[in-house]
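Colleague: So that we are looking at the same thing, I have put the structure below in structure tokens.
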Amino acid sequence: MAYHKTEYYDKETTEGLADAYTKIIQLLGEDPQREGLLKTPDRMAKAMQFMTQGYAQDAVAVLNSARFEEAVSEMVIVKDIELYSVCEHHLVPFYGKAHIAYIPNGYITGLSKLARVVDIYARRLQVQERMTTQILDAIIESLNPLGAAVVIEARHLCMMMRGVQKQNSSTTTSAFHGELLNNHVTRNEFLKLISSRLA
Ligand SMILES: [Zn+2]
């Protein structure tokens, strides 16, 4: 087989996390030696490292790696980019969709790179508001576009499973720059183009 996908987890980090999760399982009144839970601390250690891998990745470098000179100035929109993140207040998932637009100013980037930037900022301990501006800032830094916009709609399990227990609420955050901030016609065009998806 020519294609191999390998996963690497730092041994020391994995063992340290697994020890802590064993303690957590005990404190929750469970028996970490029970068959079903025996490997859970190790699985959790690896899962949490996977879900926070974004810290080790550079969003601007990813955008720059597929940046090309191109004399277009029409708005580029990528919508419905799935995202899965972890709320930093409860370490419970939130998930939803990101919609990104930018108006090129001499440079374009690979469309898949925009989706990767979403993953890079989602795979951290996050709040939706900060993630929205982080994605926008990376696009501005890499592409210096005439305009840019990021809209994220997400459901937060910390609101659905605990606390106020609102199962059907979703949260929308947005950040705008340049033409997409200041030009109402352009901004409304973007919002209209993604609005079929907005609840
Ligand atoms: Zn939360």
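Colleague: Do any GluC sites (Glu not before Pro) in the stretch 12-48 lie in a DSSP loop with no more than 15 other beta carbon atoms within 10 Å, and if so, which?
Modeller: Counting only loop positions with at most 15 other Cβ atoms within 10 Å, the GluC sites (Glu not before Pro) in the stretch 12-48 are 30.
Colleague: Next up: Could you tell me, in Å, what Rg and Dmax come out for the Cα atoms of the stretch 118-196?
Modeller: Over the stretch 118-196's Cα set, Rg and Dmax evaluate to 14.5, 42 Å.
Colleague: For the chain, what does the accessible surface come to per residue with a 1.4 Å probe? Please give it in Å².
Modeller: Computed with neighbouring chains in place, this is 59 Å² per residue.
Colleague: A further question follows. Determine the order of 113, 46 by accessible area, beginning with the largest, at a probe radius of 1.4 Å.
Modeller: Output order, biggest surface exposure first: 46, 113.
Colleague: Given the pairs 166/192; 79/192; 5/79, which span a C-alpha to C-alpha distance of over 20 angstrom in this model?
Modeller: 166/192; 5/79
Colleague: Quick check: at a probe of 1.4 Å, how many percent of the accessible area of the chain sits on carbon and sulfur atoms?
Modeller: Roughly 53 percent, rounded to a whole number.
Colleague: Between helix 128-143 and the chain, what is the angle of the helix's C-alpha long axis to the longest principal axis, kept within 0 to 90° and rounded to the nearest 10?
Modeller: Tilt of helix 128-143: around 50 degrees.
Colleague: A follow-up question, please. With 5 Å bins from zero, work out the P(r) of the stretch 41-194 over every alpha carbon pair and list the percent per bin.
Modeller: 2, 10, 18, 21, 18, 13, 9, 5, 2, 1, 0
Colleague: Follow-up. What are the principal axis extents of the Cα atoms in the stretch 1-116, in Å, biggest first?
Modeller: Principal-axis extents of the stretch 1-116 (Cα, largest first): 62, 36, 24 Å.
Colleague: Okay, moving on. What is the helix-to-structure angle for 184-195, meaning the angle in degrees between its Cα long axis and the longest Cα principal axis of the chain, kept from 0 to 90 and rounded to the nearest 10?
Modeller: That helix lies at roughly 40 degrees to the long axis.
Colleague: Of 101, 165, 140, which is farthest along the charge dipole of the stretch 79-199 in the positive direction, counting Lys and Arg as +1 and Asp and Glu as -1 at C-beta?
Modeller: Checking the options against the dipole of the stretch 79-199, the answer is 165.
Colleague: With angles folded into 0 to 90 degrees, how steeply does helix 111-122 sit against the dominant principal axis of the chain? Use alpha carbons for both and round to 10.
Modeller: 40 degrees
The values are calculated or read from the model by the stated rules, or taken from the named source; none is laboratory data. Just so we're clear, the structure is a prediction, and the values are computed from it rather than from any experiment. Virtual Cβ from ideal backbone geometry, glycine too; neighbours counted across all protein chains shown. These area figures cover heavy atoms from the full protein model, side chains too; ligands, DNA and RNA do not enter into them. Shrake-Rupley method; radii C 1.70, N 1.55, O 1.52, S 1.80 Å.
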